[in-house]
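> Can you read through this structure? Questions will come right after.
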Amino acid sequence: MSQEVVLRVKGLGKRFEGVCVLDGIDFELRAGEIVGLIGPGGCGKSVFVKLCCGLLTPDRGEIEVLGQSLRQLAEKDRQKLRTRIGLSFQNYALFDFMTVGENVAFPLAQDGAVAAPEIANRVQQRLNEVGLPLVAGLMPNELSGGMRKRVGLARATIANAELVFYDDPTAGLDPVTSSKIFNLIRDLQIAHRSSSIIVSHDVDRMRAVCDRYVLLYDCQVRFSGTADDALLSSDPIVHEFFQRDVGVDLSFRHDGGPA
Amino acid sequence: MIRRGLALLGSNFLQASEILGGVLLTLWRILRAMVPPRFDGPETWMNFYKVGVKSYPIVILTALFTGAIMVIQTGAYVRQTGATGLLGWGAGYAVLAEIGPVLIGLMFSGRVGANNTAELGTMKVTEQIDALRALAIDPMHHLVVPRFLAMVVMLVLLTALGDLFALIGGALTSELLLDVDYRVFFRGVFESQLLGEYYTGLAKAACFGGSISVVSCYYGLSVEGGATGVGRAVNGSVVTSAIGIFVFDYLITYLVNTRITG
């Protein structure tokens, strides 16, 4: 893993109609790193991702993506920067007026740098990788929720972006498919040396791919570190979160040490 | 009581100001996105088809009845006075300058404007707009500008088509119900030299098209919440578009008549 920082967040704050969602968030993601962003529902994980992609504007704080400060970029330059970023949405966000194949091909087709036959090949290859080899000609509304999720993942990764955000990529998927999705994320990271942030509640399966975890709680970063660090943490919230999700009994922490 | 009335007045004024500001801001963003001219070809053509080709049956139907109604309304007086030559002038003048563009505009707003708001609103609540931005596509260029162009151009063309069918409807009604020969009807139209009214009607249609597109896009892109939000936005879009049509109609009619009367 490189020491180059691809995402740097300093003192990030965001409120919606007076309600604090994020407050003073500091965060760094290094090149080639996969970080799992966890936390209770509604704690601002998706908002954090959207802020980092420039889809929302922070109330305060600085976000530096791939060496460029979002605050100082005009919308046109932000667009250029977004060609280097991938985002898989929590609610799929597939274009319902396009077929699945067109959806996945869309980033490449708009870019115009790749020839049509090559686009078709890459689309089919990516659909094979997410376990949907026969759906290119279907419309999104003909797919199940889990299938749409995988199509969204294929679209987010088709352009081999340097930085990819996966917003709850396995929500609603069965355990086998979830594991496959996490393995795919790991494979993509190795193949393209991309850096990723995975928002998920599935801490157990995330362990197979994530280098580090960040726990958002009560508008702030409650914990940042590896799974092993979490096991050693004395914070009852971290304790509870990892114990519940990882399935490791950490009750020894209450007794001051392992039994 | 007075305080409550004033509070209501103030809140309505603020709401109207917010809508007007939002609509003007949307217009500014559309115009800015069109300079330098850079259009999404396939999306623009698709919108021309959706907005124009799919709307012409309803426009023809509206126009046929509009022309017919104009003739029926004036028919009684024409029969009484025997001034059958005025039938074409009366119906032509009303249809070309006023009733045709306004009724076609209202029909267009209900069909195309409402559909546009619902489509953009649904895209907004299902994060498809965000997805476009995340894929480095400007929604203004990709979604809004093609719709704006399609609505302005197509409403002008549909009004031109509607004018023709309104006159046909008028001629048929005069022939079948009033026993006035359709040639007399058309002679009345052409001898009245209504070219000025025809162009005024088309200018109105261009303004109505612009107003419907900007209003419907503004409401669509500012949807909040789920299906309820989309429903509210469609409702607001149709009402505001209708107001826009009548305001532009008033302004253009006023300007044209001030110019004519000096």
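The values are calculated or read from the model by the stated rules, or taken from the named source; none is laboratory data. Owing to the predicted nature of the structure, the values given are computational and were not obtained by experimental measurement. Neighbour counts are summed over all protein chains in view; Cβ atoms, including those assigned to glycine, are modelled from backbone coordinates with ideal geometry. SASA here: full protein model, heavy atoms, side chains in, ligands and nucleic acids out. Shrake-Rupley method; radii C 1.70, N 1.55, O 1.52, S 1.80 Å.
> How many angstrom separate the Cα center of the stretch B:221-262 from the Cα center of the stretch A:17-31?
Rounded to whole Å, the Cα centres lie 41 Å apart.
> Have a look at the stretch B:95-141 and report residues whose accessible surface goes down by 40 Å² or more when the remaining protein chains are included, against the chain on its own, probe 1.4 Å, ligands and DNA/RNA excluded.
Residues shielded by partner chains are B:GLU127, B:GLN128, B:ASP130, B:ALA131, B:ARG133, B:ALA134, B:LEU135, B:ALA136, B:ILE137.
> Nearest 500 deg cm²/dmol is fine: what mean residue ellipticity at 222 nm does chain B get from its DSSP H runs of n ≥ 4 alone, each adding -39,500 (n - 2.57), divided by its residue count? Before the final figure, lay out the partial values.
On the way: 11 runs with 208 residues, N = 262.
Helix-only estimate at 222 nm: -27000 deg cm²/dmol.
> Taking Cα atoms, how many degrees apart are the long axis of helix B:85-94 and the longest axis of chain B, rounded to 10 and kept between 0 and 90?
10
> As a check on your grasp of the helix formula, calculate [θ] at 222 nm for chain A: sum -39500 (n - 2.57) over DSSP H runs of n ≥ 4, divide by the residue count, round to the nearest 500.
Numbers: 9 runs with 94 residues, N = 259.
For chain A, the value works out to -11000 deg cm²/dmol.
> Just for chain A, what percent of DSSP beta bridges are antiparallel, to the closest 5? Could the numbers behind the result be given before it?
On the way: 21 of 38 bridges.
Around 55 percent of the beta bridges assigned by DSSP in chain A are antiparallel ones.
> Still on this structure: Suppose R0 equals 25 Å; then what is the FRET efficiency for A:THR57 and A:ASP218 from their Cβ-Cβ distance, rounded to the nearest 0.05?
Details: r = 23 Å, r/R0 = 0.90.
My answer for the efficiency is 0.65.
> Counting only protein heavy atoms and a 1.4 Å probe, tell me what percentage of the protein assembly as shown's accessible area is made up of carbon and sulfur. All intermediate terms of the calculation are to be shown ahead of the outcome.
Values: 14900 of 25020 Å².
Accessible surface attributable to carbon and sulfur in the protein assembly as shown totals 60 percent.
> What number, in nm² with one decimal, is the all-direction average of the projected area of the convex hull of the alpha-carbon atoms of the stretch A:191-240?
Details: hull surface 16.4 nm².
That works out to 4.1 nm².
> Volume per residue, Å³, of the convex hull around the alpha-carbon atoms of the stretch A:44-102? Write down the numbers at each step before the final one.
Details: hull volume 6.6 nm³, N = 59.
Spelled out: Cα convex hull of the stretch A:44-102, divided by residues, is 112 Å³.
> Please find the FRET efficiency linking B:ALA160 to B:SER17, where r is the Cβ-Cβ separation and R0 is fixed at 41 Å, and quote it to the nearest 0.05.
Numbers: r = 36 Å, r/R0 = 0.88.
It comes out at approximately 0.70.
> Right, something else. At a threshold of 8 angstrom on Cα-Cα distance, excluding pairs fewer than six apart, so keeping six or more, what relative contact order does chain B reach in percent? Each step should come with its number before you reach the end.
On the way: 338 pairs, mean separation 80.5, N = 262.
Averaging sequence separation for qualifying contacts and normalising by length gives 31 percent for chain B.
> When chain A is modelled as a GNM with alpha-carbon springs shorter than 10 Å, which of A:GLN124, A:GLN90, A:GLN110 fluctuates the most?
Maximum among the listed residues: A:GLN110.
> Tell me, what is the percent relative contact order of chain A, built from C-alpha pairs under 8 Å that lie six or more residues apart? Mind dumping the intermediate values first?
Values: 456 pairs, mean separation 61.1, N = 259.
Relative CO of chain A lands at 24 percent.
> Does the stretch A:120-196 come out rounded, prolate or oblate, given a ≥ b ≥ c as the square roots of the eigenvalues of its C-alpha gyration tensor, rounded meaning a/c under 1.5 and, failing that, prolate meaning a/b above b/c? Can you show the working numbers first?
Details: a/c = 1.80, a/b = 1.25, b/c = 1.44.
In terms of gyration-tensor shape, oblate.
> Based on the Cβ-Cβ distance from B:TYR77 to A:LYS76, what FRET efficiency comes out when R0 is 60 Å, to the nearest 0.05? Show your work: numbers first, answer last.
Values: r = 62 Å, r/R0 = 1.04.
Plugging the Cβ-Cβ distance into 1/(1 + (r/R0)^6) gives 0.45.
> Need one number: buried accessible surface between chains B and A, 1.4 Å probe, both sides summed, DNA, RNA and ligands left out, in Å² to 100.
Working: alone 14230 and 12400 Å², together 25020 Å².
Separately minus together, B and A give about 1600 Å² buried.
> Between helix A:175-192 and chain A, what is the angle of the helix's C-alpha long axis to the longest principal axis, kept within 0 to 90° and rounded to the nearest 10?
Here the helix axis deviates by roughly 80 degrees.
> Could I ask something else about it? Solvent-accessible area per residue for the stretch B:1-106 at a 1.4 Å probe radius, Å²?
About 64 Å² of surface per residue is accessible.
> I want to check the label-to-label distance for A:ARG207 and A:ALA116. Put each point 7 Å from Cα in the C-beta direction and report it in nm to one decimal.
5.0
> Cα-Cα pairs above 43 Å in the protein assembly as shown: how many percent? If you can, show how the numbers build up before the last one.
Values: 47368 of 135460 pairs.
Here the tail beyond 43 Å accounts for 35 percent of pairs.
> Next question, about the same structure. Running a GNM on chain B with Cα contacts under 10 Å, which residue among B:GLY231, B:GLY92, B:GLY82 ends up with the highest mean-square fluctuation?
Maximum fluctuation in the GNM of chain B, among the listed residues, is at B:GLY82.
> I've got another one for you. Loop-only trypsin sites (Lys or Arg not before Pro) in the stretch A:171-210, please: DSSP not H, G, I, E or B, and at most 13 other Cβ atoms within 10 Å.
On the way: sites: A:LYS180, A:ARG186, A:ARG193, A:ARG205, A:ARG207; in loops: A:ARG193, A:ARG207.
Answer in residue order: A:ARG193.
> Over the stretch A:1-114, average the accessible area per residue using a 1.4 Å probe and give it in Å², no decimals.
Details: 4950 Å² over 114 residues.
Accessible area per residue, the stretch A:1-114: 43 Å².
> Related question: Mind checking which of A:GLU62, A:GLU33, A:GLU240 has the largest fluctuation in a GNM of chain A, springs on alpha carbons under 10 Å?
Of A:GLU62, A:GLU33, A:GLU240, the most mobile in the Gaussian network model is A:GLU240.
> Tell me whether the stretch B:1-66 comes out rounded, prolate or oblate; compute the Cα gyration tensor, take square roots of the eigenvalues as a ≥ b ≥ c, and use a/c under 1.5 as the rounded threshold. Intermediate values should be presented prior to the final figure.
Working: a/c = 4.99, a/b = 1.56, b/c = 3.20.
The shape class here is oblate.
> State the three equivalent ellipsoid semi-axes of the stretch B:54-261, derived from the C-alpha gyration tensor as the square roots of 5 times its eigenvalues, in descending order and whole Å. It would help to have the intermediate numbers written out before the result.
Working: eigenvalues 313, 51, 36 Å².
Three semi-axes, in Å: 40, 16, 13.
> Another question, if that's okay. Using protein chains only (no ligands, no nucleic acids) and a 1.4 Å probe, work out which residues of the stretch A:103-129 have their accessible area cut by at least 10 Å² relative to the chain alone.
Buried by 10 Å² or more upon assembly, which counts only protein chains, are A:PHE106, A:PRO107, A:GLN110.
> Can you compute the charge dipole magnitude of the stretch B:54-261 about its Cα centre, using +1 on each Lys and Arg Cβ and -1 on each Asp and Glu Cβ, nothing else charged? Give it in debye, rounded to the nearest 20.
On the way: 11 positive and 13 negative charges, 15 e Å.
With Lys and Arg at +1 and Asp and Glu at -1, about 80 debye.
> Taking the Cα centre of the protein assembly as shown as origin, sum charge times position over the Cβ atoms of Lys and Arg (+1) and Asp and Glu (-1), and report the length of that vector in debye to the nearest 20. Before the final figure, lay out each step's value.
On the way: 46 positive and 49 negative charges, 171 e Å.
For this selection, approximately 820 debye.
> On a 0 to 90° scale, report how tilted helix A:116-129 is relative to the longest principal axis of chain A, with both axes built from alpha carbons and the result rounded to the nearest 10.
With both axes taken from Cα atoms, the answer is about 40 degrees.
> How crowded by other chains is A:86-92, given as the mean number of beta carbons from other chains within 10 Å of each beta carbon? Walk me through the numbers on the way to the answer.
Values: counts 2, 6, 2, 6, 1, 6, 4.
Mean partner shielding for this stretch: 4.
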